[in-house]
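Heads up: the structure comes next, in structure tokens.
The values are calculated or read from the model by the stated rules, or taken from the named source; none is laboratory data. Since the structure is predicted, the reported quantities are computational estimates derived from the model, not experimental observations. FYI the Cβ positions are ideal-geometry reconstructions off the backbone, even for glycines, and counts take in every protein chain you see.
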Amino acid sequence: MKALVLGLLLALGFGMGIWPCSAAASRQQPLTWRLKEDRVDARIDGWPLDRFLEHLVRATGWKVYLEPDTEHTVGATFTNLPASEALRRLLGTINYALLPQTNGPAKFFVFRTSVQEATRLIQPLPLSLQVEGLAEKGRLDNELLVSLKPGSKTTIDKLARELGAKIIGRADSLNTYRLEFDDAAAADAARTALESSPDVAEVGNNYQMSPPTRTDSIPLSSGFPLNLKPAKTGDHVVVGLIDTAVQTQGSPANAFLLPAISVAGIAETPTAQPTHGTSMAETILRGLSQLSPGTAETPVKILPVDVYGDTPTTSTFEVAKGIAAAVQSGATVINLSLGGEGDSDFLHQVIQESHKQGVVFLAGAGNDASTQTYYPAAYPEVVAVTAGDRRGNLASYANHGSFVDVIAPGTSLVEFKDQTYLITGTSAATAYLSGVASGLASDKTKTAAQVEQQIRTTFSTKTPSP
């Protein structure tokens with residue numbers, strides 16, 4: 001009988017479940033799922049389906065699988081509903097099915113056509129990003145970024161002691177430092193004191209950036225080899241990959257990698273699947289392969305710059321440091337498959353100065369299916385990349401709006417240790433175009449401005465990409 005009921009659930013697309021949620025967490029969460037009472041409260045206003053499912057994974061521990069290109073906006077406000085009714089209110093007409101497991105977490109499938117098409121594994125949203133407000137804006141309220149004037153008579157160490165702050169980040173070459181305070185009130189008080197100091201050039205905010213897109217393993221009958229040969233000598237175009245750590249074994253991108261830089265400490269990379277940085281490195285090369293014949297040597301190298309370390313998120317401070325380190329090491333194309341809603345003056349200044357030096361910047365527009373402005377993509381010096389198909393149709397998850405400049409394929413297949421992985425998102429679209437940009441830049445007759453303009457024109461959101 002249980003098998004028959006489960007079969008009917010799968011066929012009809014219905015599922016039931018309960019989300020554990022502590023009382024303390026419920027005060028901060030837009031979702032409250034009470035385990036013992038089988039009752040749910042919700043106050044969700046226009047979330048993309050991806051975002052809702054990320055919260056679902058975190059709340060339940062389920063393995064959640066989504067059929068690619070399934071579109072739905074989750075919006076509901078209610079209190080004290082049974083779990084089964086809550087799921088239907090939240091997911092509307094979208095099909096879903098819950099498959100209990102005896103020796104592991106339940107599997108939850110969300111799909112348009114059939115349960116077999118729900119192949120994209122959803123990863124949980126880090127707990128630090130679930131606090132209401134932080135997920136939208138990302139401002140770290142108990143931190144300040146302080147820039148000292150050249151030749152300052154004081155030191156940041158002295159200022160930090162006087163203010164009762166802890167220095168948690170240093171960018172000495174940029175005279176800028178990351179200070180942490182006990183709470184937001186202490187940071188606000190320190191801001192007033194710092195802004196009146198003759199030794200301080202600027203006081204700014206630090207913003208948390210979203211975790212990168214995860215990777216999904218998919219079975220394929222054959223792989224997609226990279227038909228590129230690295231040039232052993234000569235003047236290389238260097239792509240600065242500002243991302244998570246890149247693995248040194250298991251990926252065909254390894255032959256194109258320069259020694260890595262880390263501005264966020266040493267990261268322990270997994271051995272079973274590629275990191276986001278590794279996936280982006282290979283996607284850069286797949287974009288490059290569109291311009292470079294497989295028989296020719298490719299004068300492009302990738303400089304991995306780790307701005308995450310062993311943490312699931314990074315901040316605008318580390319990203320700015322990473323960009324500066326990459327440019328100082330010779331990078332002329334910067335790939336930023338990351339972002340957030342926080343507009344950081346410090347990050348923008350670093351990008352502006354590097355852009356003046358002839359550096360081309362590309363950044364992802366975000367995966368919220370909204371017109372929300374996303375940084376650093378929204379800065380005028382940066383090519384803002386959204387995701388779609390090769391005909392120029394916007395992907396269901398991709399951000400759009402006036403700040404977006406170009407569109408590129410938002411799906412990439414990468415190889416790691418003889419296994420194929422599927423990457424989706426504006427991260428992949430950005431890396432693809434960084435590869436194209438590096439190929440254009442390898443033509444030494446083109447200036448950086450010409451390379452950037454060609455990218456903006458060829459892949460314009462108003463012109464389908466080839």
| query | From the list 211, 198, which one is modelled with pLDDT under 80 and not assigned by TED's automatic domain parsing to the domain that holds residue 329? | reply | 211
| Within segment 241-277, which residues are closer than 20 Å to residue 321 by Cβ, part of a loop (DSSP other than H, G, I, E, B) and small (Gly, Ala, Ser)? | 245, 260, 264, 265, 267
| field | Filtered residues of segment 344-369 (kept if under 26 Å from residue 179 (Cβ atoms) and without any contact (Cβ under 8 Å) to a residue 40 or more places away in the chain) | value | 347, 348, 349, 351, 352, 353, 354
| field | Any hit, segment 278-285, residues being in the same structural domain as residue 423 (by TED's automatic domain parsing) and part of a loop (DSSP other than H, G, I, E, B) | value | no
| field | segment 34-91 - residue that is of a type in the set (A, V, I, L, M) and over 24 Å from residue 369 (Cα atoms) and, of those, surrounded by the most Cβ atoms within 10 Å (Cβ to Cβ) | value | 40
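If you check 356, 321, which single one turns out to be of a type in the set (Lys, Arg), assigned by TED's automatic domain parsing to the domain that holds residue 413 and either within 17 Å of residue 264 (Cβ to Cβ) or at pLDDT below 95 (or both)?
321 is the lone residue from the list that is of a type in the set (Lys, Arg), assigned by TED's automatic domain parsing to the domain that holds residue 413 and either within 17 Å of residue 264 (Cβ to Cβ) or at pLDDT below 95 (or both).
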| said: Among the residues that make up segment 302-321, is at least one of them of a type in the set (A, V, I, L, M, F, W, C) and over 26 Å from residue 367 (Cα atoms)? | reply: no
| request: Would you be able to say whether some residue in segment 151-158 is at pLDDT 90 or above, surrounded by 20 or more Cβ atoms within 10 Å (Cβ to Cβ) and not polar (S, T, N, Q)? | output: yes
| task | Collect the residues in segment 63-96 that are closer than 16 Å to residue 43 by Cα and of a type in the set (Asp, Glu), keeping them in residue-number order. | result | 85
| query | Restricting attention to segment 136-192, which residues are within 20 Å of residue 264 (Cβ to Cβ) and of a type in the set (Asp, Glu)? | reply | 143, 172, 180
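Do the conditions hold for residue 446, that is, is it under 22 Å from residue 243 (Cα atoms), surrounded by fewer than 20 Cβ atoms within 10 Å (Cβ to Cβ) and out of contact with any strand residue (DSSP E or B) (no Cβ under 7 Å at 6 or more places or on another chain)?
Values: under 22 Å from residue 243 (Cα atoms): no; surrounded by fewer than 20 Cβ atoms within 10 Å (Cβ to Cβ): yes; out of contact with any strand residue (DSSP E or B) (no Cβ under 7 Å at 6 or more places or on another chain): yes.
No, not satisfied.
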| message | Given the criterion closer than 25 Å to residue 448 by Cα, outside any helix (DSSP H, G or I), in contact with a strand residue (DSSP E or B) (Cβ under 7 Å, 6 or more places away or on another chain) and not aliphatic (A, V, I, L, M), identify the matching residue among 322, 309, 330. | response | 330
| Which residues, taken from segment 169-193, are surrounded by 13 or more Cβ atoms within 10 Å (Cβ to Cβ) and within 23 Å of residue 307 (Cα to Cα)? | 169, 170, 171, 174, 175, 176, 177, 178, 179, 180, 181
| request: Kindly list the number of the only condition in (1) out of contact with any strand residue (DSSP E or B) (no Cβ under 9 Å at 6 or more places or on another chain); (2) among the small types (Gly, Ala, Ser); (3) modelled with pLDDT of 90 or more that fails for residue 187. | output: (1)
| task | Considering (1) surrounded by fewer than 21 Cβ atoms within 10 Å (Cβ to Cβ); (2) among the hydrophobic types (A, V, I, L, M, F, W, C); (3) within 30 Å of residue 75 (Cβ to Cβ), say which one residue 385 fails and leave the rest. | result | (1)
| Long-range neighbours under 7 Å by Cβ, at least six apart or interchain, first residue assigned by TED's automatic domain parsing to the domain that holds residue 300 within segment 434-445, second in a loop (DSSP other than H, G, I, E, B) and of a type outside the set (A, V, I, L, M) | 436/290; 439/292; 440/446; 441/332; 442/299
| request: Looking at (1) within 22 Å of residue 450 (Cα to Cα); (2) assigned to a loop (DSSP other than H, G, I, E, B); (3) free of Cβ contacts under 8 Å to residues at least 40 places away in the same chain, find the lone condition where residue 372 falls short. | output: (1)
